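Chemist: First the structure, which I've put down as structure tokens, then a few questions once you've had a look.
The values are calculated or read from the model by the stated rules, or taken from the named source; none is laboratory data. Everything quoted here is computed from the prediction, not taken from an experiment. Neighbour counts are summed over all protein chains in view; Cβ atoms, including those assigned to glycine, are modelled from backbone coordinates with ideal geometry.
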Amino acid sequence: MKKVRTKGVLKLMGTVPLLMSLIFLIPFIMIYRTDRRSAIILGIVWVVYVILVCVFFASSRRSIRREMVSFASDYGQVQKGLLKGLAIPYAILDEDGHFIWSNAGFAAIIHKDRFYSSSVTTFFPEITRDRLPKDQKVVTFDINYEKRDYRVDLRLLPMKEGKRRNTEFDGNLITAFFFDVTDIHLYMRLNHEQSLVAGLIYIDNYDDALESVEDVRRSMLTALVDRQINKYLKEYDAIVKKVETDKYFTVMKRVDFDRMKENRFAILDSVKNISIGNQMSVTLSLGFGLEAESFLTDSEYARNAIDLALGRGGDQAVIKTEDSITYFGGKSQQIEKSTRVRARVKAHALREIIEGKDQVIVMGHRNTDIDSFGAAAGIFRAADSLGKKCNIVINEVSKSIKPFVEAFTEDREYSPGLIISSDEAEQICDDNTAVVVVDTNSPNYTECPGLLSIAKTIVVLDHHRMGTERISNATLSYIESYASSACEMVSEILQYIGDGIKIKAAEADSLYAGIMIDTNNFMTKTGVRTFEAAAFLRRNGANVTRVRKLFRNDIKEYKARAETVQHAELYRGKFAISVSPKDVENPIVTGAQAANELLNIDKVKAAFILTEYEGKIYISARSIDEVNVQIVMERFGGGGHLNIAGAQMEGRTMDEACRELKEVLDDMEEKGEIE
């Protein structure tokens, strides 16, 4: 008891009476000088007060100490009782993760005594020794134990106060709180599962499919398609409403949509099996929007998704969220439309845009090829015929297009400043400039991406399927994935943009060459309109022999192509994979040519040629009709068509790129995504 000392406020309260007695001496002295009788009386009172204070302080000091100790003991017992009965499971570990103490709540979890001394890893393998806290930061785990979910908070408790009850300890303890979050996770999961998903379903080829069947069976075909869609959605507890003859709106719960997604939207394949004499199979496009803050935004996402599905050729499902876009299907070759109504409408719209501006700037994709340059040359002819100045953006003229570019630069009828760089384009672009993008719809793949943020009027003409990234601020967008090439599209536009337009030989050659290269000499992705465009160019001066001579390769490039074919590996018995030599002037073109050559080999369903060029690895992918190489290239951030696609890879060696390509092919083969 003697070691228990008062301090702080309690000590001050005990000494205040003694201090007050000393203060009372001041008035006693002052009164003594004026009135001794009163001073004597006051002095007697002061002495009595001091004696009483001293007696009280001396007699109650021991009692105060006893009460302090009793309160501290009771308070400690209360704390200990609270920890033992705390609803939150709580445990104390040593630095190695062994139990030192735990409360009853924690003991109930592990079904062991509260002083069980085993390691925490014995019960919770996720909490290993190397994951224990090393500093004052809280370490949090999400674990599952006996079908219950817990959030574990581990805190480091330093014990460096020296001696405690004659025991010296300067190490650390670890406190562990176990918060049961099973119910929270349950409600979160239920909220996720019950959230709504908006969807749109379009019949891609409604009119064409009806035309391919007898008149008396058209209503039957429509009824069968409608029944198939309603039956399929009913299996997933979805509400479906037919908004037009070939369009449906649907709403379903997220849990049912996830089941539909796991089955990879089987309706895409089942609807193709509807046959009552129709020569053309019916295909669908599906667009879904989800995970937005409001259902209205979900419906907007669904609209964007269906636009993407249609722009990529249809016969596929697209899922759009705020952060991602996912594609399913898209294995069917899109049927070419024989009508040119859309081309005529787009041509008139383009003419109005050009006439309303002072100048036109045309650009294609990086590493300009002949399809990109030929389309740009066609737009130049359209702008020039309307009396507008036009420039073509090309930063580097490759060997593949050099002969065609020289046909323009060496002709005095063309302005010496026809071909400009990206910097020059950005300097001359103003509010009265129309920027026309050809042969790409991805802003990052254009020759001058900065031009898109400067220009107020942008036109996009492309034949590639739309990807995740696309030029979203275009005034006019004309994307036809069934077209063989951008040159084919521009050739059609030239026929409607003005009466009696005169196309010069160099321009006709460039347009014809673009069609010829993208169709591999008219052997792939050709339709009626492809040959009609080629015939139009032939009538306007395109010379087949002259174009063929311009495409002749030197002996070194020919040997490089032959070497690429020679060293090709037939992976999984159907994928030809090879590496193109980089010691040629244009290895990318050589790789693409080698990929086309490999398709002539028996059992080859798709060819992938990897080429290292300017610090990047380019992949040229080709197929005939059995493998969708576009979705393979989309795994690497690229794109293209079902039969012709490509991608670029950075930060990898050639061996790493080949290995990654094989891993993607393995994964997609196992899931049945590419055939």
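Chemist: All but one of (1) modelled with pLDDT of 90 or more; (2) over 24 Å from Gln194 (Cβ atoms); (3) of a type in the set (Asp, Glu); (4) exposed (fewer than 13 other Cβ atoms within 10 Å of the Cβ) hold for Asp215; which doesn't?
Modeler: With (1) modelled with pLDDT of 90 or more; (2) over 24 Å from Gln194 (Cβ atoms); (3) of a type in the set (Asp, Glu); (4) exposed (fewer than 13 other Cβ atoms within 10 Å of the Cβ) applied to Asp215, the lone miss is (1).
Chemist: Which numbered condition trips up Glu626, out of (1) outside any helix (DSSP H, G or I); (2) farther than 28 Å from Glu262 by Cβ?
Modeler: (2)
Chemist: Is it the case that segment 220-234 has a residue that's closer than 23 Å to Ile325 by Cα and surrounded by 19 or more Cβ atoms within 10 Å (Cβ to Cβ)?
Modeler: yes
Chemist: Condition first: in contact (Cβ under 8 Å) with a residue 60 or more places away in the chain and over 20 Å from Asn520 (Cα atoms). Now tell me which residues in segment 570-611 satisfy that.
Modeler: Residues satisfying the conditions are Tyr571, Arg572, Val579, Glu585.
Chemist: Continuing with this model, one more query. Search segment 312-329 for residues being touching a Lys or Arg at 6+ places or on another chain (Cβ under 7 Å) and over 28 Å from Arg217 (Cβ atoms), and hand back the single one that is modelled with the lowest pLDDT.
Modeler: Taking the candidates together, the pick is Arg312.
Chemist: Going residue by residue through segment 471-479, is there one that turns out to be out of contact with any strand residue (DSSP E or B) (no Cβ under 9 Å at 6 or more places or on another chain) and either of a type outside the set (Ser, Thr, Tyr) or buried (at least 22 other Cβ atoms within 10 Å of the Cβ) (or both)?
Modeler: No: segment 471-479 contains no residue that is out of contact with any strand residue (DSSP E or B) (no Cβ under 9 Å at 6 or more places or on another chain) and either of a type outside the set (Ser, Thr, Tyr) or buried (at least 22 other Cβ atoms within 10 Å of the Cβ) (or both).
Chemist: Continuing with the same structure: Sort out which residues of segment 465-484 are small (Gly, Ala, Ser), assigned to a loop (DSSP other than H, G, I, E, B) and at pLDDT 85 or above, and write them in order of number.
Modeler: Scanning segment 465-484 gives Ala474, Ala483, Ser484.
Chemist: Which of the residues spanning segment 391-405 are closer than 17 Å to Ile379 by Cβ, outside any loop (DSSP other than H, G, I, E, B) and out of contact with any strand residue (DSSP E or B) (no Cβ under 8 Å at 6 or more places or on another chain)?
Modeler: Of everything in segment 391-405, just one residue is closer than 17 Å to Ile379 by Cβ, outside any loop (DSSP other than H, G, I, E, B) and out of contact with any strand residue (DSSP E or B) (no Cβ under 8 Å at 6 or more places or on another chain), namely Phe404.
Chemist: Something else: Looking at (1) charged (D, E, K, R); (2) farther than 30 Å from Val627 by Cα; (3) not in a loop (DSSP other than H, G, I, E, B), can you tell me which one Glu492 breaks?
Modeler: (2)
Chemist: Then there is this: What's the number of the condition Lys603 fails, among (1) assigned to a loop (DSSP other than H, G, I, E, B); (2) in contact with a helix residue (DSSP H, G or I) (Cβ under 9 Å, 6 or more places away or on another chain); (3) of a type outside the set (Phe, Trp, Tyr)?
Modeler: All conditions pass for Lys603, except number (2).
Chemist: Only one residue in Lys231, Lys137 is modelled with pLDDT of 85 or more and of a type in the set (D, E, K, R), so which one is that?
Modeler: Only one candidate qualifies: Lys231.
Chemist: Here's a follow-up. Give me a count of the residues in segment 553-565 that are among the polar types (S, T, N, Q) and not in a helix (DSSP H, G or I).
Modeler: 1
Chemist: I'm trying to understand the selection: among the residues of segment 504-515, which are surrounded by fewer than 24 Cβ atoms within 10 Å (Cβ to Cβ) and touching a Lys or Arg at 6+ places or on another chain (Cβ under 9 Å)?
Modeler: Lys504, Ala505 - these are the residues of segment 504-515 that are surrounded by fewer than 24 Cβ atoms within 10 Å (Cβ to Cβ) and touching a Lys or Arg at 6+ places or on another chain (Cβ under 9 Å).
Chemist: Might you check whether a residue that is in contact (Cβ under 8 Å) with a residue 40 or more places away in the chain, under 29 Å from Asn540 (Cα atoms) and assigned to a helix (DSSP H, G or I) occurs anywhere in segment 406-422?
Modeler: Yes - at least one qualifying residue is present in segment 406-422.
Chemist: Can you say whether Gly541 is assigned by TED's automatic domain parsing to the domain that holds Lys504 and touching a residue at least 12 places away in the same chain (Cβ under 8 Å), as far as the supplied structure shows?
Modeler: Yes.
Chemist: How many residues are assigned to a strand (DSSP E or B) and either surrounded by fewer than 21 Cβ atoms within 10 Å (Cβ to Cβ) or of a type in the set (Asp, Glu) (or both) if we restrict to segment 437-457?
Modeler: Summing the residues that are assigned to a strand (DSSP E or B) and either surrounded by fewer than 21 Cβ atoms within 10 Å (Cβ to Cβ) or of a type in the set (Asp, Glu) (or both) in segment 437-457 gives 1.
Chemist: In addition: Within segment 657-670, is even one residue of a type outside the set (Gly, Ala, Ser) and crowded, with 23+ Cβ neighbours inside 10 Å?
Modeler: Looking for residues that are of a type outside the set (Gly, Ala, Ser) and crowded, with 23+ Cβ neighbours inside 10 Å, one finds at least one in segment 657-670, hence yes.
Chemist: In addition: Output the residues belonging to segment 265-318 that are surrounded by 15 or more Cβ atoms within 10 Å (Cβ to Cβ) and on the phi > 0 side of the Ramachandran plot.
Modeler: Of everything in segment 265-318, those that are surrounded by 15 or more Cβ atoms within 10 Å (Cβ to Cβ) and on the phi > 0 side of the Ramachandran plot turn out to be Phe265, Glu291, Gly313, Gly314, Asp315.
Chemist: State yes or no: is Asp258 at positive phi and of a type in the set (Asp, Glu)?
Modeler: So Asp258 does not fit the description; no.
Chemist: Mind listing whichever residues of segment 375-433 are at positive phi and either in the same structural domain as Thr590 (by TED's automatic domain parsing) or surrounded by 13 or more Cβ atoms within 10 Å (Cβ to Cβ) (or both)?
Modeler: none
Chemist: I would also like to ask the following. Write out, first by first residue and then by second, each pair whose Cβ atoms fall under 8 Å of each other, whose residues are 6+ apart or on separate chains, and whose first residue, in segment 268-294, is of a type in the set (Phe, Trp, Tyr) while the second is assigned to a helix (DSSP H, G or I).
Modeler: Phe288/Phe257; Phe288/Tyr301; Phe288/Ala302; Phe288/Ala305
Chemist: Looking at segment 501-541, which of its residues are touching an Asp or Glu at 6+ places or on another chain (Cβ under 6 Å) and within 17 Å of Glu406 (Cβ to Cβ)?
Modeler: Result: Gly514, single match.
Chemist: Would you check if Asn230 is free of Cβ contacts under 8 Å to residues at least 24 places away in the same chain and not acidic (Asp, Glu)?
Modeler: The answer is yes for Asn230.
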